[in-house]
Structures are given as structure tokens and as C-alpha cells.
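The next block holds one structure in the form of C-alpha cells; read it before the comments.
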Amino acid sequence: MRPGSASAAYGAEWGEIITINALTEPYILRVGQRLRLPNDARPVPRGPVDVGARAAAFRLDIDDILTGSQPALAEADRPTAGSATPRQPVTTAIAEPATFAGRFEWPLNGPILARFGPLASDRVSDGINIAAAAGTPIRAAAGGVVAYAGDQVGTYGGLILINHGGGWVSAYGHAGRIDVKRGQSVRIGDVIGRAGATGQVQTSQLHFQLRKNRIPVDPMKQLPPR
């Protein structure tokens, strides 16, 4: 759960809940943690449950993670290196990476299945999808610190985010195996996981994103030509 969910459930201001409870970024609530609410907060009446709408309301995406709006997690839900069923650890502050070195390398080699930008059905891709056999090593596109390593983002399945400094973040989705954990330092070319078909894909591949100050940019313009 996050403060925003409590805000919607009780009709209270999100900022007021944060202030009353002295919460600090990234505003993560642990399972069993109690929140104080404003005196005038009351449960918001709800009609019949719309399962689809409820699922959409609690959907987690990459931008949620980058802004710290992650759901509550049990203290015991900690990942182990190389786990095939990773779980995001309890969030604590992590060290900031050194200044970005200024270059990216390909996370793996393979045919491009989908490019950055508009797709069919009025959808937009925030990255590129690269075909890869299951188990193909996924390598860090640049040095940095792992900001997320888990499987809570349903769209991407196994997902790794690396903070490179200078506002740059890389994302690696559909991993069948994750070999790093949050807060771990990695160097360019380090193996961080293995390709798979997790999330909403049917074939083994890697979804790769680059973001600058949280805004998706075309990876093809940042990676070496091949």
C-alpha cells in the first residue's frame, strides 16, 4: 500500500497524510504499518466492485518505481541473487552512483522486435524489444546502482532498473532470471540477469528502456551502431 491509496480510500489529502505520519521519500509503507489520518477523514463510499478498474488502479509501472510509489512489502520478501522468482526488497535509501560515464553498450545482441515510439492500436513503446533465446545473459548497459530488481510490474515481469547518475536510468524487462538486488553496484557489461518470456510476452526477449530525468528516450540513438 502507498499513501496515495489511503488518500483515495478515505478522501484525505495525500500531502496531509505524509505530514501527519512524518513520512519521507520514497513513501513506502510496510505490511502491518499503521497510518494516522486527518480527523475529518472518512471512508469513501464504493459501488459494486469493478475488478478490471481495481486492477488498473493498483497497476505499478516503471514511473511509479522511479518516483518511489511502490506497494508495501513484507519484511521477509527479500530477493536472493539468481532467484528465478525475484521479489523486491523492503525499500531503503540506496547510494547514488558516480557521475554517468557518458556511454551505453547493448545489453544483449539479437533482432529488434519492436522499436521506440508509436505502435499499432494507438500504443506507444517507451523502449525497444530485442529477441533473445531464453537464458541469454542480460548485461548492464552502463555502470551504476540497481534501483529495482523484482517482478511486481506485471507488464514487464522480471524487471531490473539501474540508476547511472546524471538523471539516466536503464530498464530491462521480461527477464526470466534476476541476478542482482537493489542497492548493488554494477559495472558496464556485468551480467544482471537472463532473458525470458515473463510479463505480457509469449516469446523470450528483452524489453530495454533508457530514461533521462524519467523521460523515455530512444535507445537506438544512445547505443553504438551495429
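The values are calculated or read from the model by the stated rules, or taken from the named source; none is laboratory data. Just so we're clear, the structure is a prediction, and the values are computed from it rather than from any experiment. FYI the Cβ positions are ideal-geometry reconstructions off the backbone, even for glycines, and counts take in every protein chain you see. Each accessible area value is taken on the protein alone, full model and side chains, heavy atoms only, with ligands, DNA and RNA left out. Shrake-Rupley method; radii C 1.70, N 1.55, O 1.52, S 1.80 Å.
In plain terms, the chain from Ile188 to Arg214 could stretch by 7.3 nm, reckoned as 0.36 nm per residue minus the Cα-Cα distance. Computed over protein heavy atoms with a 1.4 angstrom probe, the accessible surface ordering of Val124, Val201, largest first, is Val124, Val201.
Summing charges over all other residues whose Cβ lies under 11 Å from the Cβ of Gly196, with Lys and Arg as +1 and Asp and Glu as -1, gives +1.
Note that the stretch 135-196 presents 28 Å² accessible area per residue, ligands and nucleic acids not counted, probe 1.4 Å. Taking Cα centre as origin and charging only the Cβ of basic (Lys, Arg, +1) and acidic (Asp, Glu, -1) residues, the dipole magnitude of the stretch 98-193 rounds to 140 debye. Remark: the Arg123-Arg226 segment gains 34.4 nm on full extension, using 0.36 nm per residue and subtracting the alpha carbon distance. Given in Å, the Rg to one decimal and the Dmax to the nearest whole number for the Cα atoms of the stretch 98-174 are 13.3, 40. The base-10 log of I(q)/I(0) for the stretch 111-226, evaluated at q = 0.18 Å⁻¹, reads -0.88 [Debye formula, identical scatterers on Cα atoms, solvent excluded].
Going by accessible surface with a 1.4 Å probe and the largest first, Glu96, Glu105 read Glu96, Glu105.
Here the accessible area of the stretch 176-217 is 44 percent carbon and sulfur, with a 1.4 angstrom probe and all protein chains present.
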